Amino acid sequence: MVRTTVTLSELPEGSTATIRDIDALSPTSQRLLDMGFVPGTPIRAVKRAPMGDPTTFEIRGYQVGLRRSESALIDVEIKPDEK
Amino acid sequence: MSKSSLMKSKIQRNVYLVGNPNCGKTSLFNAITGERRRVGNWPGVTVQKLEGIANSETANLTICDLPGTYSLTPATPEEEVVLKTIDAAADGCIVNVVDIANFERNLFLTTQLIELGIKPVVSLNCFDSFTKAGGTIDLQKFSTFTGTTPFPTVARTGEGTHNLVEFIGRPDIISVEDCENWLSLPQVWLDAAEEALRLKDLHWHSARPTQRYSALTDLIRLQPDPIVPELIEIRQNLAKKLSEGREIPVKTTNLACELASDRYRRIEKLIAGCAIVPGKNIPAWQEKLDRMLTHRFLGLPIFALMMAWVFWTTFSIGEIPMGWMESLVDWLSGFVQANMQEGLIRELLVGGVISGVGGIIVFIPNILILFFWIALLEDSGYMSRAAFIMDRMMNSIGLHGRAFIPMIMGLGCNVPAVLATRIIDNRFQRLLTMLLIPLVTCAARLPVLVLLCGTFFPENPSIWMFTLFFVNLLVLIFLGQTTSMLFKTSENSPFLLEMPPYRLPTPSSVFHMLYEKAAHFIEKAGTVILAGAVIIWVLSVFPREVPLSFDYESELTRLRSSEITVESTERIAELSRKREIELMEGRYMARLGKFIHPVMEPLGFSWRETVSLIPGFLAKESVVSTLSVLYLPYSDNLGDAMRKTGMTPLTAFVFMMFTLLYIPCIATLGVIWRESGSTRFTALALVVYFAIAYVVSYITLKIGAVLQTSTSIDWFEGLVIITVAIAAGWYLIRTFIVTIRGSRCNSCASCSSCPSRGKSDCSGGQP
């Protein structure tokens, strides 16, 4: 099966992916981890803001808006069937 | 047992509410304590402490509402308070408010508490929306698996809170038998934490919660600090143990990720074991509404329409009750005039107190309407969406999307707005927002605008007000841009904007907000403004004796004693007016105004306007009340009086602009000083405001004068030209700075995948 790994910021609006990794070196990471952005978690890009940034993501049943600078810290995996 | 001995045997207990932001913690606090509350500050930090009293049959409870936090690992000064209080809280009673409609993420904090050996009482809040969506939970199992006592509550309606209060008021809170807690720390981690504690001669079982917390933090921290060789070894061992049976070995830098993942695994297991969580937490209609409100093309117009509606209702509808208030004030001063003996006291009451405070209270309707909408927007959950769609714009002036909320609050009053900057975790971001907030036109500045616009531009005051707001906005953007350009920090505060579900605002929470705002404003009007009005009155009536250029008194007596004709009556009126003006110019106030006047003269202000700016420092509202006191001898109508003394529309416009910008009121400066904790920053900000106000006003005056003399261009067009010129100038400067810096995206996190990599200009790295 072909899998594509992209950063969360590149995840197209409306599509679902699974979190693979999170940049451990950024000080923001701890907060993201605490909020449930841990590897293996399914995540959906819900909506990009009218001006292109930030984007709302749905994770663990709640929605949170992240800027490109934060979502770029997270690597996600898109399965072909989830596209 | 008699009743009195029962009363005596009541126990005292401190209860601490902890929970995520938006979990309904404050609603629960309101439901439990009612109106019995006290607002203070946490010792050593400028974080608000909210305490209330609740009484159960067996206990007197002091309820303390801790700041909302997603995790014990602090990202803001508020969240630090939670961590610092946790030891004391563990000795009392901790109520962990969990939004069950958002179960997994809310249990993260619960897990952290349980790991540290704390057994909170769990309030499963928003229980109604959970069951409505089809969720069920076995409370007995939840209790056994976590060692806590759960209480289903609906804080918004108060449902279930009575049981909770009765339970936490029991003399001995029976803790649940703890066989195997599903949320407690796994043995591997426990061993490592024990070893880390041993370095400090402590043991896990006897350590305080904060000591346990710091041991865990030492294990997962990116850079161990201080670097103890033993600690590095412990971390390596821990990573090795965790790697057992895995393809990819765990690195020590990934320990934080491992711990978080482990916590969520435990949470998932717990939820699977005791509850059925509805698959989709967000109802379909909410998704639809959300899609529309944050729509690519509709989102911004809807937001703009809402803001326009808020403004229109605030100022047009607000006029009706304003009229009632005005007549009430008139009646009151007439009543005092008629029923009190003539003298200094009556003069003080009428000239200082009633005209000063009365002129302020008139604007209460405006504030109430405005905050009614703000409360609705906030409670309904739309405020987060507004921050979401506005973030890109806020970001472009170097601000966090969250700064939009304090900025919006700034429209009501700058003081709570400055306080609201606490929601921004990065210090630089917070300071920048604080610096910009006073440039947001607050409600107290509206009196000046409403009055002057109505007086000098009676045909279309709203267009002129809009122009002023617009120029103000440009100044704000310019200052934000330059500051963030000059002091660019590579690390921005993490942008995490939670989208709470849409909720119907409850009347009680809206009422709470309105009451608070109105009370705050009246309180301010009653103390600071009153003091200002009285000081101004003193300055304007003393010294009592002023040397006059002409013996008005004898001339008036002569005229009055002589035969009454139309001519003599006119002469009397003219003479008394002249005398009044001459008297006024001899008072302290005028002397002070004339002393400062040379500085303000280039802007075209008369000494009266100059004088009115002095009390404006106390509170901007005082500008109007001072003007009305100063212009009283010319006409009862301030507008007429000002025109009579030769004020032109251009001067009025410049004056309005200067009033908007020149200085925040003393209360705002006070909170800025306290919140920033820096006298230098406050002083610098003060200089910046004054300089900006002066320069902008001067430029406007000069351009306006040039435009006025040429007949081909009318006023409004002229202003459009100015604003366009300013906008163009701003854009040029910005581009200039970008050019010198070489690139705009030197802090971009996804450098490797950026298509503009290596180019001098970056289009934002869009794929």
Legend entry - Leading residue by the ranking (modelled with the highest pLDDT) among those in the range B:135-147 that are buried (at least 19 other Cβ atoms within 10 Å of the Cβ) and out of contact with any Pro (no Cβ under 6 Å at 6 or more places or on another chain): B:I137
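Would you say B:A387 is surrounded by 21 or more Cβ atoms within 10 Å (Cβ to Cβ) and at pLDDT below 80?
So B:A387 does not fit the description; no.
Could you identify the single residue in A:A49, A:A72, A:A24 that is more than 23 Å from B:F388 (Cα to Cα) and within 7 Å of another protein chain (Cβ to nearest Cβ)? Let's see the steps before the verdict.
On the way: A:A49 fails: more than 23 Å from B:F388 (Cα to Cα); A:A72 fails: more than 23 Å from B:F388 (Cα to Cα).
Checking each option against the conditions leaves just A:A24.
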Inset, instruction - Please indicate, with yes or no, whether at least one residue in the range B:533-544 is modelled with pLDDT of 75 or more, away from chain A (no Cβ under 14 Å), in a loop (DSSP other than H, G, I, E, B) and open to solvent by less than 30 Å² (accessible area, probe 1.4 Å). - result: yes
Inset, instruction - Filter the range B:317-338 down to residues that are among the small types (G, A, S) and free of Cβ contacts under 8 Å to residues at least 40 places away in the same chain and give me whichever is farthest from B:I354 (Cα to Cα). - result: B:G323
Legend entry - Identity of the residue in the range A:52-64, farther than 18 Å from B:M394 by Cβ and touching a Lys or Arg at 6+ places or on another chain (Cβ under 7 Å), that ends up farthest from the other protein chains (Cβ to nearest Cβ): A:F57
Inset, instruction - Find all pairs meeting these conditions: Cβ atoms under 7 angstrom apart; at least six residues apart or on different chains; first residue within the range B:16-42 and outside the structural domain of B:M499 (by TED's automatic domain parsing) and at pLDDT below 75; second residue among the hydrophobic types (A, V, I, L, M, F, W, C) and assigned to a strand (DSSP E or B). - result: B:R36/B:I53; B:R37/B:L50; B:V39/B:L50
Inset, instruction - Could you tell me whether the range A:5-19 includes any residue that is at pLDDT 90 or above, more than 7 Å from every other protein chain (Cβ to nearest Cβ), open to solvent by 10 Å² or more (accessible area, probe 1.4 Å) and within 25 Å of B:T69 (Cβ to Cβ)? - result: no
Legend entry - Sole exception among (1) touching a Phe, Trp or Tyr at 6+ places or on another chain (Cβ under 7 Å); (2) more than 7 Å from chain B (Cβ to nearest Cβ) for A:R67, by number: (2)
Inset, instruction - Kindly indicate which of A:G40, A:G36 is more than 9 Å from the chain's Cα centre (by Cα), farther than 18 Å from B:R385 by Cα and buried (at least 21 other Cβ atoms within 10 Å of the Cβ). - result: A:G36
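For every residue, the table says whether it meets (1) surrounded by 21 or more Cβ atoms within 10 Å (Cβ to Cβ); (2) basic (K, R).
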| residue | (1), (2) |
| --- | --- |
| B:D91 | no, no |
| B:I100 | yes, no |
| B:A133 | no, no |
| B:A155 | yes, no |
| B:G160 | no, no |
| B:R170 | no, yes |
| B:S184 | no, no |
| B:V188 | no, no |
| B:K200 | no, yes |
Legend entry - Selection count where residues are free of Cβ contacts under 8 Å to residues at least 12 places away in the same chain and surrounded by 24 or more Cβ atoms within 10 Å (Cβ to Cβ), scope the range A:44-77: 1
Inset, instruction - Go through the range B:267-303 and give me each residue that's among the small types (G, A, S) and within 10 Å of another protein chain (Cβ to nearest Cβ). - result: B:G279, B:G299
Inset, instruction - Kindly provide the set of residues from the range A:30-46 that are at negative phi and within 7 Å of chain B (Cβ to nearest Cβ), ordered by number. - result: A:Q30, A:R31, A:L33, A:D34, A:M35, A:V38, A:P39
Inset, instruction - Scan the range B:238-254 and give yes if some residue there is within 30 Å of B:L124 (Cα to Cα) and either open to solvent by less than 10 Å² (accessible area, probe 1.4 Å) or within 12 Å of another protein chain (Cβ to nearest Cβ) (or both), otherwise no. - result: no
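The values are calculated or read from the model by the stated rules, or taken from the named source; none is laboratory data. These numbers come from a predicted model, not from an experiment. Backbone-built Cβ (ideal geometry, glycine too); neighbour counts: all protein chains shown. We work out accessible area using only protein heavy atoms, side chains counted, and drop any ligands, DNA or RNA first. Shrake-Rupley method; radii C 1.70, N 1.55, O 1.52, S 1.80 Å.
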